[in-house]
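Next up is a structure, given as structure tokens.
The values are calculated or read from the model by the stated rules, or taken from the named source; none is laboratory data. Since the structure is predicted, the reported quantities are computational estimates derived from the model, not experimental observations. Every residue, glycine as well, gets a Cβ built from its backbone with ideal geometry; the counts of neighbours run over all protein chains shown. These accessible areas exclude ligands, DNA and RNA; they are computed on the full protein's heavy atoms, side chains included. Shrake-Rupley method; radii C 1.70, N 1.55, O 1.52, S 1.80 Å.
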Amino acid sequence: MRWGRTCAVFLLLALAAAGQPQREVVGDYIEGRSNHVYGCYCEWSGEGVTGGREAILAWAIREGSFGGISLAGIKMAAVIVGESTLSMGEAPRTSILFFDSAVPFAQRQAAERLLRRHYARLLGEVRNVHSVPIQFRLEADSATLSVGEMLTLTMRRAVLPDDVLQGSTLWYDPFIPLVEATLGTTLNNKYWGGDFDQRWQHSEPTTSGYFGRFRLAVE
């Protein structure tokens, strides 16, 4: 009889959990890499060895919460540097996180926990965390990111085949799943911080990233 009651309790709990709507965090996203995600074979083969070790990512959350704290309105960004091309997925890497200083500290903490929990493999070892002003604007055909004086990422919708060499194809999907993904031509990719032993600024138009909407299921 005890086993029967125990099984009945577990069944009721499972049914109750199944009836609960899945919680999600949704918003806007941009990523810019230092290699082509859409390009010709020569670009892909050359960058597979020495390129694609740096990336800038940013999220602007529209709806959702984590750990009981609302994340709506939070903007956050990451700079990732790998030992080899990040596009292969398994390269050891370190990252720096940035959170918008305009939002309360508790929200920034919750957002940091979200990134560390759900994007741990993507971010690798988090070296430092900064609180700075962040501007992130997503439109139908463009996206712009500004993080203090340290980060700039400007992207427009890629125009194919005009933006690429003959024979180009898609090599890499976005780092994170997107509900609406737009292939982007990067116009400016700049990291000018002091946490890494390198800085960069790429201003030659390159099909090296994506922007769009993300939807993340959370606990």
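Go through (1) out of contact with any strand residue (DSSP E or B) (no Cβ under 9 Å at 6 or more places or on another chain); (2) surrounded by 14 or more Cβ atoms within 10 Å (Cβ to Cβ) for Q166 and report which single condition fails.
Every condition holds for Q166 apart from (2).
Looking at T182, T207, can you tell me which residue is over 13 Å from the mean Cα position of the chain (by Cα), touching a residue at least 60 places away in the same chain (Cβ under 8 Å) and outside any loop (DSSP other than H, G, I, E, B)? Step through it out loud before you land on a result.
On the way: T182 fails: touching a residue at least 60 places away in the same chain (Cβ under 8 Å).
Only one candidate qualifies: T207.
Does segment 65-96 hold any residues that are over 21 Å from A217 (Cα atoms) and assigned to a strand (DSSP E or B), and which are they?
Once the filter is applied, which keeps residues that are over 21 Å from A217 (Cα atoms) and assigned to a strand (DSSP E or B), segment 65-96 yields V79, I80, V81, G82, R93, T94, S95, I96.
Checking S45 against (1) open to solvent by less than 20 Å² (accessible area, probe 1.4 Å); (2) assigned to a helix (DSSP H, G or I); (3) among the polar types (S, T, N, Q), which single condition isn't satisfied?
All conditions pass for S45, except number (1).
Another question, if that's okay. Condition test on I74, is it touching a helix residue (DSSP H, G or I) at 6+ places or on another chain (Cβ under 6 Å), modelled with pLDDT of 90 or more and open to solvent by 10 Å² or more (accessible area, probe 1.4 Å)?
no
Quickly run through segment 155-179 and pick out the residues that are under 15 Å from the mean Cα position of the chain (by Cα) and assigned to a loop (DSSP other than H, G, I, E, B). Steps first, answer last, please.
Residues of segment 155-179 under 15 Å from the mean Cα position of the chain (by Cα): 155, 172-179.
Residues satisfying the conditions are Y172, D173, P174, F175, I176, P177, L178, V179.
Which members of segment 77-102 meet the condition of being surrounded by fewer than 19 Cβ atoms within 10 Å (Cβ to Cβ) and either touching a Gly at 6+ places or on another chain (Cβ under 9 Å) or at negative phi (or both)? I'd like the intermediate steps shown before the answer.
Kept after step one, since they are surrounded by fewer than 19 Cβ atoms within 10 Å (Cβ to Cβ), are these residues of segment 77-102: 83-84, 88-92, 94, 101-102.
Scanning segment 77-102 gives E83, S84, M88, E90, A91, P92, T94, S101, A102.
Yes/no matrix, rows are residues, columns are (1) modelled with pLDDT under 95; (2) in contact with a Lys or Arg (Cβ under 8 Å, 6 or more places away or on another chain):
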{"residue": "T152", "(1), (2)": "no, yes"}
{"residue": "M155", "(1), (2)": "no, no"}
{"residue": "D163", "(1), (2)": "no, no"}
{"residue": "F175", "(1), (2)": "no, no"}
{"residue": "V179", "(1), (2)": "yes, yes"}
{"residue": "W192", "(1), (2)": "no, yes"}
{"residue": "W200", "(1), (2)": "no, yes"}
{"residue": "Y210", "(1), (2)": "no, no"}
{"residue": "L216", "(1), (2)": "no, no"}
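Filter segment 134-154 for residues that are out of contact with any Gly (no Cβ under 6 Å at 6 or more places or on another chain) and not in a strand (DSSP E or B) and give the result. Write out each step before concluding.
Our first condition is that a residue be out of contact with any Gly (no Cβ under 6 Å at 6 or more places or on another chain); within segment 134-154, this holds for 134-149, 151-152, 154.
Within segment 134-154, E139, A140, D141, G148, E149 meet the criteria.
Got a sec? Which of H118, H130 is more than 26 Å from A181 (Cβ to Cβ), surrounded by 15 or more Cβ atoms within 10 Å (Cβ to Cβ) and at pLDDT 95 or above? Before the answer, list the steps.
Numbers: H118 fails: more than 26 Å from A181 (Cβ to Cβ).
Sole residue among the options that is more than 26 Å from A181 (Cβ to Cβ), surrounded by 15 or more Cβ atoms within 10 Å (Cβ to Cβ) and at pLDDT 95 or above: H130.
In addition: Is at least one residue of segment 56-64 assigned to a loop (DSSP other than H, G, I, E, B) and open to solvent by less than 20 Å² (accessible area, probe 1.4 Å)? Working first, answer last.
First, the residues of segment 56-64 that are assigned to a loop (DSSP other than H, G, I, E, B): 64.
Those left that are additionally open to solvent by less than 20 Å² (accessible area, probe 1.4 Å): none.
No; the residues of segment 56-64 include none that is assigned to a loop (DSSP other than H, G, I, E, B) and open to solvent by less than 20 Å² (accessible area, probe 1.4 Å).
In this structure, is H36 under 19 Å from F175 (Cβ atoms), surrounded by 14 or more Cβ atoms within 10 Å (Cβ to Cβ) and touching a strand residue (DSSP E or B) at 6+ places or on another chain (Cβ under 6 Å)? Full working, then the answer.
Values: under 19 Å from F175 (Cβ atoms): yes; surrounded by 14 or more Cβ atoms within 10 Å (Cβ to Cβ): yes; touching a strand residue (DSSP E or B) at 6+ places or on another chain (Cβ under 6 Å): yes.
In short, yes.
For every residue, the table says whether it meets (1) open to solvent by 60 Å² or more (accessible area, probe 1.4 Å); (2) within 14 Å of R33 (Cα to Cα); (3) not hydroxyl-bearing (S, T, Y).
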| site | (1), (2), (3) |
| --- | --- |
| E125 | yes, no, yes |
| L138 | no, no, yes |
| P174 | no, yes, yes |
| W192 | yes, no, yes |
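Further, regarding this structure: Would you say L187 is touching a Lys or Arg at 6+ places or on another chain (Cβ under 7 Å), hydrophobic (A, V, I, L, M, F, W, C) and more than 22 Å from R116 (Cα to Cα)? Lay out the reasoning, then the answer.
Values: touching a Lys or Arg at 6+ places or on another chain (Cβ under 7 Å): yes; hydrophobic (A, V, I, L, M, F, W, C): yes; more than 22 Å from R116 (Cα to Cα): yes.
Judged against the criteria, L187 is a match.
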